[in-house]
């Protein structure tokens, strides 16, 4: 059993709107983090956080950057996909979104060698 699934099974859920959140994550801390990063959290920001947490929960911590990118693009397709998410998270919907969601961004999300926006 992976470390993620062990944490998820033992973690009491304090926020029913975020059922896949890491044990030590809470909405208030996420709002504070977002504010420090210059973001005002609105409904689609929270939906992105929820989608990231759910994706990580389904993949039990074994997250592939390309699959996550494609899943977010599909989830937000009606609004414009990844391009729309860059408007919400200017430092990168995966890198910045993961920080706010309390998740470790997958390899490649913050590649400073290639001019990452993180």
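Just give me the residues in segment 52-92 being touching a residue at least 60 places away in the same chain (Cβ under 8 Å) and closer than 19 Å to residue 30 by Cβ, in sequence order. Explain how you work it out, then say what you get.
The initial filter retains those residues of segment 52-92 that are touching a residue at least 60 places away in the same chain (Cβ under 8 Å), namely 62.
Residues satisfying the conditions do not exist here.
Counting just the residues of segment 19-59 that are within 14 Å of residue 98 (Cβ to Cβ) and not in a helix (DSSP H, G or I), which one comes out modelled with the lowest pLDDT?
59
If I ask for residues that are surrounded by 20 or more Cβ atoms within 10 Å (Cβ to Cβ) and part of a helix (DSSP H, G or I), which ones from segment 60-79 would you list?
Matches in segment 60-79: 68, 72.
The values are calculated or read from the model by the stated rules, or taken from the named source; none is laboratory data. Keep in mind that what you see is a predicted model, and the values were worked out from it rather than measured. Glycine also receives a Cβ, built like all others from the backbone with ideal geometry; neighbour counts cover every protein chain displayed.
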